[in-house]
Amino acid sequence: MTAGRGRTALLLLVSSGFPLSGLGFVATYRAAFGGTDVDGTTPGVHEMFWLSVGLALATTAATFVLATNRRRAGAVLVVVFATLMSLPKLLRSPSFFNFFDEQAHVRAVRALLDGDRLFGENPLNRVVADYPGLHAVSATLASVTGGPVFVTGNLVILVARVAGCLAVFLLAERLVRAPGAALAAVVVFASNPAFAFFDAQFAYESLASPLVAVTVLLAVRLGDEEGRARWVTAGAAAATTTLVVLTHHGSSYVLAGLLVVLVLGRLVTRRPPGAPLLVLAGFGVAAVLGWLFAAAGYTLTYIGPYVVSNLTSVPDFLGGRTGPRALFGGFLPVPAYERVAGFMAVLILFGLFCWGTVTLRAHRRRPDLWLLVALGTVYFLSLPLVALRGDQVVKRLWEFAFIGLAPICAAALVLVVRLRPRRGLPITAALVFVVFVGGGVARSGEHIRFPGPYIPSADPRSMTPDVVAAARWMLRAYGPDHRITGDRTLGVTFGAIGMQTPVTYEEDGYPVWLIFIPDQVTRQVLTEVQRAGIEWIAVDLRTANRFPLTGFYFNDAEPGAYVDTNLTRAALSKFDQGPFERRYDNGNIVLYRVVR
């Protein structure tokens, strides 16, 4: 009895590391918001951030070791760890959604709550309207609870992330038959470069990608069940497949491919796939193709340029027409140890993946192993394209690749612990920590991870409270749906927060930079304003003579993009003359109404 009480007391003491880690994240972002030095960084925030991550990892491992029912403890720790690793994004955006990709989805949810129909036109991103899964779920929750979109939207994404991590836990446990390996798989999965920020944002892929993991779990479990239970599981998988198809184009393509690979894997290993799996795979492929060509045809136009860019990058490099990009270049500087960890993480993951694959060769007749190995291999195959192009489409494969990569690497990590009983756990912890540090910098730039001074075209660092205040003022004072133009940040903010109709080159084809670049109100400026039917012009005076972080203010087709594009103070102030009326000015953001 005394020993049991002592163990419980020790377990409670150790698990206190979780709230301490959470407080560490809070302190990190409080310091980051509190002040910055001359180069735009806050001294010590990187170290505070990684100390908090390290404490979370150590607490997870120690709590699991002390637990008596390790399978149950592993599942609980997955929920706690996934929630804790979602804190950085919430603390980075504590008051409103300020990531660029989030704004089209905010607009869609608010439109539904205002009474618009599903599939309504979205002026911020046309393709978003064809995939309303996230919007329908978030709007329903907001309507039922009465909560704001910011709260309900974050809750939807958090629940999805936890569900995805639990699916990875069960996939790994099914393969390795050890709760410790399953927990290690979730930790590796959470180290993927997209997990902390990109997959935590309020966007359709953040809901769809965890559902892919859940569907894969249900699909592989079809081989474990018999009779009616198999059809029930297949029905559940079909339901999640449908939600994926209705939520995100890329995720649905990946899922359909994985279901086909699973069927082929069973055929190759001479295990009949069975009618439920065949029906599920057929349904998945049919649903994707049917939705694409019947309801979401614009998707081909939307993703076409990205696909062509990736397909031509390797031939262009081999032909000497292009060169490799500068890794970690083009954005804000990051600590040297993070850059080193970025390279080391790839080597560590590759070594663990190869070792884990060899370790699991005794299970080579299992279709789920083939599926996970194939998924994990995608990560390493994508790296040359990332080195050549840095294309975001290729990087978006990583969260799916880690569904397979994580369980395979976990098998190797468990072997390290078993082979080195005393030093295995510290070695494993060190390897995983390096992977976390390397992954953190590989997908999210400094402007995404931490707050800092205003920078033009830098997503959350550009969408500051005074930008949001201006958008809210316009909605209150003049109502929604006015045609307005501004730089890329002002456009999406006024479209999402102000519910206006931004005029952009991406969605409308108007080269709006012709309105802003001249230092004076020329005939061409007036012609473009009239041709585009613009009613309002939004200006952020802070952009004057400051090079944008992305390399462009409006679109990469603007003159001098990535090289020497520039907006002068005179260019931004010229709307005080001519047929324009200044209606709002908060010191940074100025709104002009076009006088007809």
When every residue in region 477-486 that is in contact with a Ser or Thr (Cβ under 8 Å, 6 or more places away or on another chain) and buried (at least 24 other Cβ atoms within 10 Å of the Cβ) is compared, the one farthest from Leu113 (Cα to Cα) is Thr485
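Among the residues of region 123-148, count how many are among the hydroxyl-bearing types (Ser, Thr, Tyr) and in contact with a Phe, Trp or Tyr (Cβ under 9 Å, 6 or more places away or on another chain).
Of region 123-148, the ones among the hydroxyl-bearing types (Ser, Thr, Tyr) are 131, 138, 140, 143, 145.
Now narrow it down to the ones that are in contact with a Phe, Trp or Tyr (Cβ under 9 Å, 6 or more places away or on another chain): 131, 138.
Qualifying residue count, region 123-148: 2.
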Those residues that are surrounded by fewer than 21 Cβ atoms within 10 Å (Cβ to Cβ) and either more than 19 Å from Ala544 (Cα to Cα) or of a type outside the set (Asp, Glu) (or both), I need them from region 456-476; list them, please. Thr464, Pro465, Val468, Ala469, Arg472, Trp473, Leu475, Arg476
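Out of all the residues in region 155-185, which are among the β-branched types (Val, Ile, Thr) and under 16 Å from the mean Cα position of the chain (by Cα)? Write out each step before concluding.
Of all residues in region 155-185, those among the β-branched types (Val, Ile, Thr) come to 156-157, 159, 162, 168, 176.
Matches in region 155-185: Val156, Ile157, Val159, Val162.
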With the structure loaded, tell me whether Gly445 is at pLDDT below 95, touching a Pro at 6+ places or on another chain (Cβ under 7 Å) and of a type outside the set (A, V, I, L, M) or whether it fails that test. no
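Which of the residues belonging to region 237-289 are among the hydroxyl-bearing types (Ser, Thr, Tyr) and not in a helix (DSSP H, G or I)?
So the first thing to find is which residues in region 237-289 are among the hydroxyl-bearing types (Ser, Thr, Tyr), and the list is 240-242, 247, 251-253, 269.
The one that is among the hydroxyl-bearing types (Ser, Thr, Tyr) and not in a helix (DSSP H, G or I): Thr269.
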Within region 143-154, tally of residues that are within 22 Å of the chain's Cα centre (by Cα) and part of a helix (DSSP H, G or I): 6
Where a residue in region 285-304 is within 18 Å of Arg396 (Cβ to Cβ) and its partner, wherever it lies, is outside any helix (DSSP H, G or I), with Cβ under 8 Å and at least six apart: Ala296/Tyr131
Here is a list of conditions, (1) farther than 20 Å from Ala470 by Cα; (2) in a helix (DSSP H, G or I), and Tyr562 meets all of them except one; can you say which number that is? (2)
Filtering region 351-360 down to residues that are modelled with pLDDT of 95 or more and surrounded by fewer than 16 Cβ atoms within 10 Å (Cβ to Cβ) yields Gly351, Cys354
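Filter the helices (runs of 4 or more DSSP H) completely within region 439-518 down to those with at least 2 residues that are closer than 23 Å to Ala561 by Cα. Lay out the reasoning, then the answer.
Working: elements: 446-449, 465-478, 488-496, 505-508, 513-516.
By residue number, 446-449, 488-496, 505-508, 513-516.
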Report yes if Leu134 is outside any helix (DSSP H, G or I) and either modelled with pLDDT of 95 or more or hydroxyl-bearing (Ser, Thr, Tyr) (or both), otherwise no. no
Name the pairs: first residue in region 151-175 and within 22 Å of Val106 (Cβ to Cβ), second residue among the acidic types (Asp, Glu), Cβ to Cβ under 8 Å, at least 6 apart or on different chains? Arg161/Asp199
Considering only region 544-562, I want to know if a residue exists there that is over 26 Å from Pro453 (Cα atoms), buried (at least 19 other Cβ atoms within 10 Å of the Cβ) and hydrophobic (A, V, I, L, M, F, W, C). no
Would you confirm whether any residue within region 225-239 is under 19 Å from Glu399 (Cα atoms) and either polar (S, T, N, Q) or free of Cβ contacts under 8 Å to residues at least 40 places away in the same chain (or both)? no
How many residues are modelled with pLDDT of 95 or more, surrounded by fewer than 20 Cβ atoms within 10 Å (Cβ to Cβ) and of a type in the set (Gly, Ala, Ser) when one looks only at region 148-183? 1
Being within 20 Å of the chain's Cα centre (by Cα) and assigned to a loop (DSSP other than H, G, I, E, B) narrows it down to one residue among Leu124, Leu118; which is it? Leu124
In region 526-543, what residues are buried (at least 20 other Cβ atoms within 10 Å of the Cβ), in a helix (DSSP H, G or I) and touching a residue at least 40 places away in the same chain (Cβ under 8 Å)? Val529, Thr543
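The values are calculated or read from the model by the stated rules, or taken from the named source; none is laboratory data. A quick note: this is a predicted structure, and the numbers were derived from the prediction, not measured. Glycine also receives a Cβ, built like all others from the backbone with ideal geometry; neighbour counts cover every protein chain displayed.
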